[in-house]
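Chemist: Attaching a single structure in structure tokens format; questions to follow.
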Amino acid sequence: MVAFAVRRLGEMVGVLLAVSVLTFLVFNVIPAADPARSMAGKGATPQLVASITEEWGFDDPLPQQYLTMMEKIFSGDVISYQGQEDVVDRIVEGIPATFSLCIGAAAIWMFFGILFGYLSAVRAGGLLDKVLTILAVAGISVPVIWLATVLLNYLAYKTGLFPAQGYVGLTEDPLDWAYHLILPWFTVAVTLVGLYSRVLRSNMLDVMSEDYVRTARAKGLSERQVMTRHVLRNSLIPIVTLFGLDFGAMIGGSAILTEAIFGLNGVGLYAFESIENLDLPPIMAIVLFGAFFVVLFNALVDIAYAYLDPRVKLGSSAR
Amino acid sequence: MSGAPLISVRDLRVGFATEGGLVQAVDGVSFDLAPGEVLAIVGESGSGKSVTAQTIVGLTRSHNARIEGSVRLGDAELIGASESELRKVRGERIGMVFQDPMTSFNPVYRIGSQIAEAIRAHRPAVGRDEAHEQAIALLDSVGIPDAERRVDDYPHQFSGGMRQRAMIAMALAVEPEVLIADEPTTALDVTVQAQILALLERINRERRLATILITHDLGVVAEVADRVLVMHEGQIVERGSLDEVFYSPQDPYTRSLLGAVVRIDGAAPLRPPRTSEPLLEVTDLVKHYPVRRGLPRREVDRVRAVDGVSFSLRQGETLGLVGESGCGKSTLCRAALRLIEPSSGSVRFEGREIAGLSRREMRPLRREMQIVFQDPYASLNPRKRVGQIVGDPLKLQGEASGGELRRRVLELLDRVGLSREHYDRYPHEFSGGQRQRIGIARALAPRPKLIVADEPVSALDVSIRAQILDLLAELQEDFGLTYLFVAHDIGVVRHVSDRIAVMNAGRIVEEGPADRVCEQPSDPFTQKLLSAVPIPDPRQARARRQTVGSG
């Protein structure tokens, strides 16, 4: 367990280092406007630009600039170029909205993904299976941006059933919080419900032909016990892997589009704005924030694996 | 036979609708079974014996199955009974033991909780703790040492024999009247098989169970059965007491089945002595796997898979390598062929040291040494056609291409008893025996000198087994091949080998001419191996049991 933790920590440092260096390089390679010039504003004197360049260290060698940036990010006093805000404050401000979106959506996609997958596996070949298959394929195929705009247009603007924009804190008004999030949750979850139900269905069909399922029947278990305790339980193991990856990626930035469309004031929206403005400090900080969650959830998946499948041992084998 | 039958099967027919039409798996089977009796159903795979057994408890029910006839358990009719009625029969009145104890347990639950689940499915009043206690007692009764502790193990922590014991314990959990054992020892080593058969016999005696034993191994039948049914293509072709079936078989199929058995006590075919130069010489070969733990990872122990083995193999000779699973025989083969890197020792092929050769230097030698694998299902690429599978080694070595390649492959197919039409088929279209022929053709393709056959027949039915062994012998004569023949079944090994080496725990414990090793074994391990082989002869089996006593 200790060896596992140490190895995972090492991996995390490596990933964060690689991701941050890459982001930093990409930003410095693209023909961006000189940050000093854009900070000085239109019609600024060359002296002003020079002094900003001097003050922010824009003419230091790149490695030096990178190190300064990382130091600032990890000490928490990193300032954005645009508007000179405290980046960490902005990220912390965005966390409730982003987490609300991701956790809520995750609950929905896991619940319906497993429910639909289970039902279509148990009724494989039947009418329910066919209907669910069509729904799942439709869900997987529909582009998020199209779904989001259609939902917004019909359910929010035209009929006014749901609020179109904004985020209300959970502690302020739990009902209003959920009311504002229903459309974004649905938008994020729909693709994954389709995907998870298909994956679970095929896992379950595979497991159903396992010898131990026959053993379970031969013991005299009821069909439902056979399906839930033996088939579903063993089929969920790969789903957990998928979930860990998807959830980490979701917090790490997959929800950017949804946050932007629904005007949820989360980390994703902040990332969206910062990229528009080519504002390096927040981009760097958000990329690290995202990478951290991706790596973290990967480690959690491994721990969950060892719990779900006793044949897997933490720290050993694997390679 | 004693008293009224407990189970009475009448004119049972089971058919499965497939794309190719109705496949009649069981075609009019009838038999009775009384308490305390052991009925063996013998047949090769596909004969319908397992389908018969599973149909009794309704496990073959599905939308494409057509089931007719009658199965009575006491007064109850089971064909057409509702699922909930059948559920009360399964486990409660009829316990089942399956072939492969590894895959028949759910890998994610503890052994004890799977047994407890069987108890609680029928005895809802039994609490969790009580069921756990009962599971311990059951495991203890089937001879699991330290059951109190082992009850919380997962299936993968048990050995194959212990898993099968636990499987039997689970089948007995609710004290059924009938035990159906479907190939209960096929996946086990011969010494473990003997223990499991003894256990089944003891349980049958103690509990007066009606036992149905399904097997393809006539040796197993001779050890434990009272009555025998021989099944072939869904029908019973022979029925009678053990002695009747073995000593005066009426049906030609039964006779061919008995004739095909490779017997440990039978005389091996006579072979001319080989005196030529050694082809393969292995000296002090060692393969250790380090066990690393801690941080930094330190080697704390090593698995001595092959621990100083020496042997030599002369041109045209067959050396049989026998041992139980895990004794290191497969590792030895792989290290000798340099498929894995030996830790130390020397391997000389045609007098040339190959232990230190680079991958590149090994390449031209690879064609000289080919391997035939155990599992004809898993060792052929399912997405390649037979022509490709057999032809690829030739193409890779740049030996032939185009029309020449096709001609050579067809010739090889012909040589191993397959036909020209098979060229464009996929492996799944073939039976196990045919697949092994494909594997042999593939190995023959580059015209090797040495063929390592790693358990080439242990996954095959007895009659197929004899055919494949004959084919190998024929090919040896024709091509002057040298075989290293690996198997856990000493009977099979004796049948084909000039000399036999017996391996145990990474070492060769005995080596010598095949007859000498089988008739006057000097090492206790060889003796144990020999005595555990079931003899397909009821009288001899009885005599042996009397001398050995009930173990």
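Readers should treat all values here as calculations from the given coordinates under stated rules, not as data from a laboratory. Everything numeric in this text was worked out from a predicted model, so none of it was measured. Methodologically, a virtual Cβ is constructed for each residue, glycine included, from the backbone with ideal geometry; neighbour enumeration extends over all protein chains shown.
Chemist: Need one number: % antiparallel among DSSP beta bridges in chain B, to the nearest 5.
Modeler: Percent antiparallel among DSSP bridges in chain B is about 60.
Chemist: Okay, moving on. Can you tell me the orientation of helix B:111-122 relative to chain B, as the angle in degrees between its alpha-carbon axis and the longest Cα principal axis, to the nearest 10?
Modeler: It works out to around 30 degrees.
Chemist: Take every Cα pair under 8 Å in chain B that's 6+ residues apart, average their separations, divide by the length, and report that relative contact order as a whole percent.
Modeler: Relative contact order, chain B: 15 percent.
Chemist: With unit charges on the beta carbons (Lys and Arg positive, Asp and Glu negative) and the dipole taken about the Cα centre of the protein assembly as shown, which residue among A:A136, A:I95, B:L73 sits farthest to the positive side?
Modeler: B:L73
Chemist: Another question, if that's okay. Tilt of helix A:46-56 relative to the longest C-alpha principal axis of chain A, in degrees (0 to 90, nearest 10)?
Modeler: 50
Chemist: Taking 7 Å along the Cα-to-C-beta vector as the label spot, tell me the B:V23-A:Y307 distance in nanometres, rounded to one decimal.
Modeler: Placing both labels 7 Å along Cα→Cβ, they lie 4.3 nm apart.
Chemist: Turning to a different aspect of this structure: Return the long-range amide H neighbours of B:Q235 (sequence gap of 5 or more, or a different chain), with a cut-off of under 5 Å between placed amide H atoms.
Modeler: Those qualifying (amide H under 5 Å, at least 5 residues apart or on another chain) are B:D27.
Chemist: Pull up all non-local amide H partners of B:I41: gap of 5 or more, or a different chain, and H-to-H distance under 5 Å with H placed in the peptide plane.
Modeler: Result for B:I41 returns B:L213, B:I214, B:T215, B:L229.
Chemist: Where nothing but the Cβ of Lys and Arg (+1) and of Asp and Glu (-1) is charged, how large is the charge dipole of segment A:174-263 around its Cα centre, in debye to the nearest 20?
Modeler: 520
Chemist: Another one. Modelling each spin label as a point 7 Å along the Cα-to-Cβ direction, I'd like the A:R123/A:R233 distance in nm, to one decimal.
Modeler: Between A:R123 and A:R233, the label points sit 2.6 nm apart.
Chemist: Rounded to the nearest 0.05, what FRET efficiency is calculated for B:E474 and B:N381 with R0 set to 22 Å and r the Cβ-Cβ distance?
Modeler: Taking R0 as 22 Å, the efficiency between B:E474 and B:N381 is 0.25.
Chemist: Hey, what do the phi angles of segment A:288-301 turn into as Karplus ³J(HN,Hα) couplings, whole Hz, using 6.51/-1.76/1.60 and θ = phi - 60°, x for Gly and Pro?
Modeler: 5, 4, x, 4, 4, 5, 4, 5, 4, 6, 4, 5, 4, 4
Chemist: What span do the alpha-carbon atoms of chain B cover on each of the three principal axes, reported in whole Å from largest to smallest?
Modeler: 73, 58, 47
Chemist: Viscosity 1.306 mPa s, temperature 10 °C: give me the Stokes-Einstein translational D for segment B:74-210 in µm²/s, with Rh taken as the Kirkwood radius over C-alpha pairs.
Modeler: 105
Chemist: Let me ask something else. Sorting B:S379, A:S197 on the 10 Å Cβ count, fewest up front, what's the list?
Modeler: By the 10 Å Cβ count, ascending: B:S379, A:S197.
Chemist: Give me the percent relative contact order of segment B:64-136, please, defined on Cα pairs under 8 angstrom at least 6 residues apart.
Modeler: 19
Chemist: For chain A, what does the relative contact order come out to in percent, with C-alpha contacts under 8 Å and a separation of six or more?
Modeler: 26
Chemist: Starting with the fewest neighbours, write out A:R224, A:R90 ranked by other beta-carbon atoms found within 10 Å of each beta-carbon.
Modeler: Taking fewest neighbouring Cβ atoms as first place, the list is A:R224, A:R90.
Chemist: Moving on to the next point. Taking the Cβ of each residue in A:W109, A:W146 as the centre, tally the other Cβ atoms inside 10 Å and list the residues starting with the fewest.
Modeler: Ranked by crowding around the Cβ, least crowded first: A:W146, A:W109.
Chemist: Can you return the aspartates and glutamates within cross-link range of B:K287? Criterion is Cα-Cα under 13 Å, with same-chain partners fewer than 8 residues away left out.
Modeler: Output for B:K287: B:D307, B:E341.
Chemist: Taking each residue of A:203-216 in turn, how many C-beta atoms of other protein chains fall within 10 Å of its C-beta, and what is the average?
Modeler: The shielding value for this peptide is 4.
Chemist: Output the 0 to 90 degree angle, nearest 10, between the alpha-carbon long axis of helix A:267-276 and the longest principal axis computed from the alpha carbons of chain A.
Modeler: Computed tilt is about 50 degrees.
Chemist: Which percent, nearest 5, of DSSP beta bridges in the protein assembly as shown are antiparallel?
Modeler: Here the share of antiparallel DSSP bridges comes out near 60 percent.
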